[in-house]
Amino acid sequence: MKLVHNMDVNRVDFKEINEYGFVKIASNSKNVIDEINEYSKYVNSNFENFVVVGIGGSSLGPKAVHTALNNQYYNEISGNTKIYFLENIDPDTFEELFEVINIEKTLFNVITKSGGTSETMAKFMILKARLGNLAKTNIVCTTDRENGNLIKIAKEEGYKTFFIPADVGGRFSELTPVGLLPAAISGIDIEKLILGAKSCLDDNLEEAKEYALIMKEAIEKGKNTLVFMPYSDKLSLLGDWFVQLWAESLGKKVDNEGNVINYGQLPHKSVGAIDQHSQVQLFAEGPNDKIFTFLEVKNFKNQVKIPKIYDEVRGISFLGGHTLNELISAEKFATDYALKKENRDTLTIEINEINEEVIGKLIMFFELATVFLGELVNIDPFNQPGVEEGKNATYALFGKEGYEYKLEELKDQCGDKLWNGK
Ligand code: PA5
């Protein structure tokens, strides 16, 4: 992995990182890896389907890693336990899953760090009721060892449980059992994922600092959007994972001293070459308020040749004899060039190939860059106070105990426009 750019960076000293929970994972996961690998064998021989039930950091990472490392038609071709994700609370997508799975032959992995997220717990409650007597064998939990409602229920009802370390928050938890269990079940080498994360600490720490410094300066220059643009379908959902990490960690109203700063940068996912036909017009000629991070894969697993036919059709004959690999690489180069020509700031993360180690490395790289930028601008990247207001208002509308005051506030604010149960 290599960070390529032509921007000047003024180096600064950063705090020690070894105390961060997500960093410690890189060196203390041996036991958990062994336990997960063992359990995965049991799952593969006993269940037809494995469903990840989580949201936010408890779903985006597992999805990103699955997409990056498994065949896109995994469920159709692997012959292993099939993998599904039940992320949203959209009643239609929820029910559609039950049209394709046999619930009795399905293991549901309920993942929630807090053990109380409404969306996840609502889905858990539905599953528990539908499973009836099978709940004990067909639910596995991933949650905090001590805190939250899920661990209490899991203990009482005897669910197999994996633990998320107390000092690792949701969006930093992909390399804990949150991501490792779903990955191992689909045959991904989770030891290599962790090795990749560790190699990032050894080899790419300075680049993660550099990335944070570049983004700090970019934000100061008014680059309020960070376009995360992999030229790879396999890395598309890594973009979604990154969006949550960057947005929720760095979008903050106050700094560590309580000063109002309304800090942040909008992370936006775009996929090359697809979005050249959708967004690049805006990127090149619209407001110059963006900085671009391209992810370029140097070696794809496959090499696809374009046949040398239609020699007489001048508009397309130039394609013949090349490969799709050359085409996507040239298009990335050309788009980067075109954006630079319009004075847009771009940088590229080059990766040799997509494999477990590289994915582990990229995850650690962006987590580090996020906390480094938090440190540079004196904000707490690990909290998310801005999502509490909406959560509390939902609790009040649903009549959760202790939120009566919020319901009164809502009534005052909304009058007869208050949500009325539909
Ligand atoms: O990063 C975070 O803490 C959040 O985005 C969480 O991942 C998300 O809210 C889900 O939380 P939980 O894992 O507690 O259900």
For this session: Using the structure shown, decide if GLY187 is crowded, with 22+ Cβ neighbours inside 10 Å, under 25 Å from GLY61 (Cβ atoms) and out of contact with any strand residue (DSSP E or B) (no Cβ under 9 Å at 6 or more places or on another chain).
Result: no
Seminar exercise, completed: Pairs returned, first residue in region 68-86 that is in the same structural domain as GLY187 (by TED's automatic domain parsing), second residue that is at pLDDT below 95 and surrounded by 12 or more Cβ atoms within 10 Å (Cβ to Cβ), beta-carbon separation under 9 angstrom, 6 or more apart or interchain, are ASN70/SER78; ASN71/SER78; TYR74/ASN80
For this session: Mind listing just one residue for me: the one in region 128-147 that is surrounded by fewer than 19 Cβ atoms within 10 Å (Cβ to Cβ) and not charged (D, E, K, R) and, of those, farthest from the ligand (Cβ to nearest atom)?
Result: ASN133
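Table: residues versus (1) modelled with pLDDT under 95; (2) away from the ligand (no atom under 16 Å from the Cβ); (3) over 16 Å from TRP241 (Cβ atoms); (4) within 16 Å of the chain's Cα centre (by Cα).
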| site | (1), (2), (3), (4) |
| --- | --- |
| ILE351 | no, yes, no, no |
| VAL358 | no, yes, no, yes |
| GLU367 | no, no, no, yes |
| THR370 | no, no, no, yes |
| PHE382 | no, no, yes, yes |
| VAL387 | yes, no, yes, no |
Exercise. Can you name the residue in region 148-161 that is hydrophobic (A, V, I, L, M, F, W, C) and within 13 Å of the ligand (Cβ to nearest atom) and is also nearest to MET121 (Cα to Cα) among such residues?
Worked result: LEU150
Exercise. Can you find a residue in region 173-190 that is within 21 Å of LYS269 (Cβ to Cβ), more than 16 Å from the ligand (Cβ to nearest atom) and among the acidic types (Asp, Glu)?
Worked result: no
Exercise. Does ALA218 meet the test of being of a type in the set (A, V, I, L, M, F, W, C), more than 16 Å from PHE366 (Cα to Cα), in contact (Cβ under 8 Å) with a residue 24 or more places away in the chain and buried (at least 17 other Cβ atoms within 10 Å of the Cβ)?
Worked result: yes
For this session: Specify the residue that is farthest from the ligand (Cβ to nearest atom); the eligible residues are those in region 34-61 that are surrounded by 15 or more Cβ atoms within 10 Å (Cβ to Cβ) and assigned to a loop (DSSP other than H, G, I, E, B).
Result: PHE47
Exercise. Quick check: anything in region 86-97 within 15 Å of the ligand (Cβ to nearest atom), touching a Lys or Arg at 6+ places or on another chain (Cβ under 9 Å) and β-branched (Val, Ile, Thr)?
Worked result: yes
For this session: Return a yes/no flag: does region 266-283 have any residue that is free of Cβ contacts under 8 Å to residues at least 60 places away in the same chain, under 28 Å from ALA208 (Cβ atoms) and exposed (fewer than 11 other Cβ atoms within 10 Å of the Cβ).
Result: no
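Please work out if ALA26 is over 21 Å from THR143 (Cβ atoms), assigned to a loop (DSSP other than H, G, I, E, B) and of a type in the set (A, V, I, L, M, F, W, C).
Considered against the rule, which asks whether it is over 21 Å from THR143 (Cβ atoms), assigned to a loop (DSSP other than H, G, I, E, B) and of a type in the set (A, V, I, L, M, F, W, C), ALA26 comes out as yes.
Residues that are not assigned by TED's automatic domain parsing to the domain that holds MET215: find the helices (runs of 4 or more DSSP H) completely inside region 258-351 holding 2 or more of those.
Fully inside region 258-351 and qualifying: nothing.
Got a number for residues in region 100-122 being within 11 Å of the ligand (Cβ to nearest atom) and of a type in the set (D, E, K, R)?
2
The values are calculated or read from the model by the stated rules, or taken from the named source; none is laboratory data. As the structure is a computational prediction, the values presented were derived from the model and not from experiment. We place every Cβ from the backbone using ideal geometry, glycine too, and count neighbours over all the protein chains shown.
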